[in-house]
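One structure is given below, encoded as structure tokens.
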Amino acid sequence: MYRTRFAPSPTGLLHLGHAYSAILAHDRATAAGGAFLLRIEDTDRARCRPAFEQAIYDDLHWLGLRWETPVLRQSDHLPDYEAALDRLIAMGLCYPCRCTRADIAAATAAPQEGAPHPPVYPGTCRARPMGDRQPGDAIRLDMARALALAGSALTFTESGPAHSGTHRLSDTHLPQTADDIVLSRKDIGPAYHLTVVVDDARQSITEVVRGDDLFDATPIHRLLQALLDLPTPAYHHHRLIRDATGKRLAKRDDARAISRYRAEGATPLDIRRIIGLA
Ligand code: GLU
């Protein structure tokens, strides 16, 4: 059965970009006779607020969306992400890292036009054994080793308008940059790439619907799924909602917050019309 999810972080008010993502996922679930799930990605306790979580429920409800309950809140499942991390550590794929952003910037050549941001990690701590882990260290994935173990013949399928087709990891940016992603942050513990693959499997998601800004994260997710023996959903990355200057909407764009439109008398159908999903 088709199952998809909307996975906001309660760090601000939902805006038109979130409305697009949530409504599109909900519509695709309805069309397929499947299920729409909600997941609250609230592992960053310093930035998440209960009021924003409540606003997510209120806004989505007002938009006419319905989801399975109970809602999965990541803060209720921290030991599961730690277990996934321990598994990758036991496979010899991780190392502790004490580099700050400033260290990484200093060790990396001056940023070039079009260079990835943040810069690719230069591998300063790669030779450190896990036994050397200190409180306050981040944990990184040794990408070259992970790819060698999982094999770069892995693929994922995408049905979004910009990248539709089957993508092989060896043809994506992943093997070229081999960036050693952070699996566990020094401040909050298990990081996004790890929690997202654990939870897409836990919620039996068959298709991930999300913005095009996360397309480049998908090879990383596919790799982690292979390493952790998790199933791989299909992917659908959608266009981004932009402001009048062409910039993608950010949490600080409160002018486009769903609650603001609602307060000014808009209807859910007006929102659908504005974002082109009526
Ligand atoms: N929590 C992520 C965000 O708010 C979404 C993650 C995802 O859909 O994979 O951008």
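The values are calculated or read from the model by the stated rules, or taken from the named source; none is laboratory data. Predicted, not measured: the structure shown is a model, and the values here were computed from it. Glycine gets a Cβ as well: all are built from the backbone with ideal geometry, and neighbour counts include every protein chain shown. Protein only, heavy atoms only, side chains kept; ligands, DNA and RNA dropped before computing areas. Shrake-Rupley method; radii C 1.70, N 1.55, O 1.52, S 1.80 Å.
For the reader, a short list of remarks on this structure follows.
- Boolean, residue 77 is within 15 Å of the ligand (Cβ to nearest atom) and open to solvent by 40 Å² or more (accessible area, probe 1.4 Å): yes
- Residues being among the aliphatic types (A, V, I, L, M), more than 9 Å from the ligand (Cβ to nearest atom) and crowded, with 23+ Cβ neighbours inside 10 Å - total across the stretch 6-22: 3
- Residues of the stretch 74-98 that are in contact (Cβ under 8 Å) with a residue 24 or more places away in the chain, over 16 Å from residue 127 (Cα atoms) and in a helix (DSSP H, G or I): 74, 75, 78, 80, 81, 82, 84, 85, 87, 88.
- Residue list for the stretch 109-144, restricted to those being surrounded by 11 or more Cβ atoms within 10 Å (Cβ to Cβ), over 25 Å from residue 237 (Cα atoms) and modelled with pLDDT under 90: 111, 121, 122
- Options 177, 245, 206: the member that is open to solvent by 50 Å² or more (accessible area, probe 1.4 Å), at pLDDT 95 or above and away from the ligand (no atom under 13 Å from the Cβ): 206
- The condition of being within 13 Å of the ligand (Cβ to nearest atom), farther than 18 Å from residue 83 by Cα, modelled with pLDDT under 95 and open to solvent by 10 Å² or more (accessible area, probe 1.4 Å) holds for only one of 147, 214, that being 214.
- Condition broken by residue 103, with the remaining ones in (1) within 16 Å of the ligand (Cβ to nearest atom); (2) modelled with pLDDT under 95; (3) outside any loop (DSSP other than H, G, I, E, B) satisfied: (1)
- Exactly one residue among 87, 47, 3, 98 is within 16 Å of the ligand (Cβ to nearest atom) and open to solvent by 60 Å² or more (accessible area, probe 1.4 Å), and that residue is 47.
- Residue satisfying all of: in the stretch 23-44; open to solvent by less than 40 Å² (accessible area, probe 1.4 Å) and part of a loop (DSSP other than H, G, I, E, B); nearest to the ligand (Cβ to nearest atom) among these: 41
- Evaluated against (1) open to solvent by 30 Å² or more (accessible area, probe 1.4 Å); (2) touching a helix residue (DSSP H, G or I) at 6+ places or on another chain (Cβ under 8 Å), residue 194 falls short on exactly one condition, (1).
- Contacts under 6 angstrom Cβ, first residue in the stretch 200-221 being within 13 Å of residue 35 (Cβ to Cβ), partner more than 8 Å from the ligand (Cβ to nearest atom) and of a type in the set (A, V, I, L, M), 6 or more apart: 203/37; 207/234; 209/24; 209/25
- Of the residues examined, residue 165 is one that is more than 30 Å from residue 46 (Cα to Cα) and over 20 Å from the mean Cα position of the chain (by Cα).
- Flag for residue 200 being at pLDDT 95 or above and open to solvent by less than 60 Å² (accessible area, probe 1.4 Å): yes
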